[in-house]
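The values are calculated or read from the model by the stated rules, or taken from the named source; none is laboratory data. Predicted model only: the values in this text are computed from it and were never measured. FYI the Cβ positions are ideal-geometry reconstructions off the backbone, even for glycines, and counts take in every protein chain you see. Remember, those area values only see protein heavy atoms, side chains included, never the ligands or the DNA or RNA. Shrake-Rupley method; radii C 1.70, N 1.55, O 1.52, S 1.80 Å.
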Amino acid sequence: MGTVHAKSLDPLPMHGRDLGVNPDDLMEPPEQEQESKQEVLENKDVVVQHVNIQGLGRTKEDLLGYEISDVFHAKNLIDVMKRAHVARLRLLRLGVFKEVEVLIDTSEGKDALPNGLDITFEVTEIKRLTGSYNTMVGNNEGSMVLGLKLPNVFGRAEKVTFQFSYGTKETSYGLSFFKPQPGYFERNFTLNLYKVTGQFPWSSLKETDRGLSAELNFPLGVTSHTLKWEGVWRELGCLARSASFAVREESGHSLKSALSHSMSIDLRNSAIFPNRGALLRINQELAGYTGGDASFLKEDFELQLNRKLFWDSVLSASLWGGMLYPLRGQPSCIADRFYLGGPTSVRGFGMYSIGPQSEGDYLGGEAYWAGGVHLYTPLPFRPGKGGFGDLFRTHFFLNAGNLCNLNYGEGPQAHLQRLAECIRWSYGAGIVLRLGNIARLELNYCVPMGVQSGDRICDGVQFGAGIRFL
């Protein structure tokens, strides 16, 4: 909770006649005196008269008023301490302070009330320029990230960030500007300027994106929403001379301008090892109506349910699905389609090696579904319980899914029948390692089933790293 100092509201009576007892009766054990003093502090009604903030430099005071105003509604000392702690966390969340300490004291001065309190927040601002170096785990890839940050640029928690990332399959750099709404940090606006170069060996494809995006994030009830516009100049090329004609045909330059919306409800108690709760995430993207060459409507969703069983075991079920509908008679682009397979989705198959392919290059599909059931348990005999051992889980899994292209001249029944054909599935067991609360590693023994011609399989041990797993 940081450092919280509190003084007594009133001195305890020190004369027998004030208490209605003899002076000798005042000789009580120290423990009892401490308890009655604590009772006075906890139960007496108080009024927060003044709130002071010390240590401000470039931060504007009007921004902080939204974050600390709730302490004025406190009714007693315990309530004051709780609300002051919440206010401290809200101040730290702004990303403009390195340290925040809280001092609670009795009010002094001409306007001081007998039960008045003054609260002082002692803050230390972050430097004007900060740098960072870290590593990042993506879906079966890793990268080194270097960053420069200008926090609190205009004094109201704005942030300018430059970031360079060099990874196993992707290299990128970008400049972003972040602006939260005062008093509602979850409502924020972000502007990004970026360049990303990626390699996709499963498709013998390389792609360079140069783009600009603007996004608005806001909560609505229990849901979180993101509205985004993105304009990107895409350059597609062949990664190898052996690339298939279908991939060479996709090579060249194109412009994409798209509007997208994402909605999520996350009621899980952990993003990596949840033992209860549910997750629902729905994404929509519409391209072509604000310019550009690409024109399509794209929808996808993710659903996850978790339930705790006996002996700290957890049953988890997941379902993914999506569909891409080309507009204006234009065929879909290989860069916009869905991909399926690998250690982060349908285990036992190669990375994105399910579905349509040409001469060994996987082209993606316009519709897919994937489902999985997991039973997570602690390590056998619980080594390292309460410490390092809690980062590990064993799991038994059953995965299934399919990816294909649809004939949109047919009806929904034909589409469902198409998705139900040639289902790939697998089962197995493995060990899962949690990396913080954002990523995880898996080492599994997989048995792929339902293998179709052209699929790449990984029969046996398979390693996976990522932030999103089926």
Next on the checklist: Counting only protein heavy atoms and a 1.4 Å probe, tell me what percentage of the chain's accessible area is made up of carbon and sulfur.
Outcome noted: 58
Checklist outcome for this item: Counting only backbone N atoms under 20 Å from a point 7 Å out along Cα-to-Cβ of residue 98, the residues of region 45-80 in range are 53-60
Checklist outcome for this item: Computed over region 130-466, protein heavy atoms only, probe 1.4 angstrom, the accessible area per residue in square angstrom equals 50
Checklist outcome for this item: Residues meeting the amide H criterion for residue 275 (H placed from the backbone, H to H distance under 5 Å, 5 or more places apart or on another chain) are 269, 270
Item to check | Positive dipole terminus of region 281-438, leading residue within 301, 355, 405 (C-beta point charges) | outcome: 301
Checklist entry - Taking 0.36 nm per residue of separation and subtracting the Cα-Cα distance, what length does fully extending residue 145 through residue 311 add? => result 55.8 nm
Item to check | Relative pair counts by distance (%), Cα atoms of the chain, 20 Å bins | outcome: 18, 43, 26, 10, 2, 0
Checklist entry - Size of the dipole of the chain about the Cα centre, Lys and Arg at +1 and Asp and Glu at -1 on the beta carbon, nothing else charged, in debye to 20? => result 1500
Checklist outcome for this item: Once normalised by the length of the chain, the mean sequence separation of its alpha carbon contacts under 8 Å that are 6 or more apart gives a contact order in percent of 9
Next on the checklist: Can you tally the net charge around residue 426? Count Lys and Arg as +1, Asp and Glu as -1, for every other residue whose Cβ sits under 12 Å from the Cβ of residue 426.
Outcome noted: 0
Item to check | Under the Karplus curve 6.51 cos²θ - 1.76 cosθ + 1.60, θ = phi - 60°, whole-Hz ³J(HN,Hα) for region 132-147, x wherever Gly or Pro sits | outcome: 8, 9, 7, 10, 9, 9, x, 6, 6, 8, x, 8, 9, 10, 10, x
Checklist entry - With Cβ to Cβ distances under 10 Å as the rule, what net charge do the other residues near residue 101 carry (K, R +1; D, E -1)? => result -1
Checklist entry - What is the local net charge at residue 156, summed over the other residues whose Cβ is closer than 11 Å to its Cβ (Lys, Arg +1; Asp, Glu -1)? => result +1
Checklist entry - Where both partners of a DSSP beta bridge lie in region 233-296, what percent of those bridges are antiparallel, to the nearest 5? => result 95
Checklist outcome for this item: For residue 405, other-chain or 5+-apart residues with amide H closer than 5 Å (H placed, Pro excluded) are 366
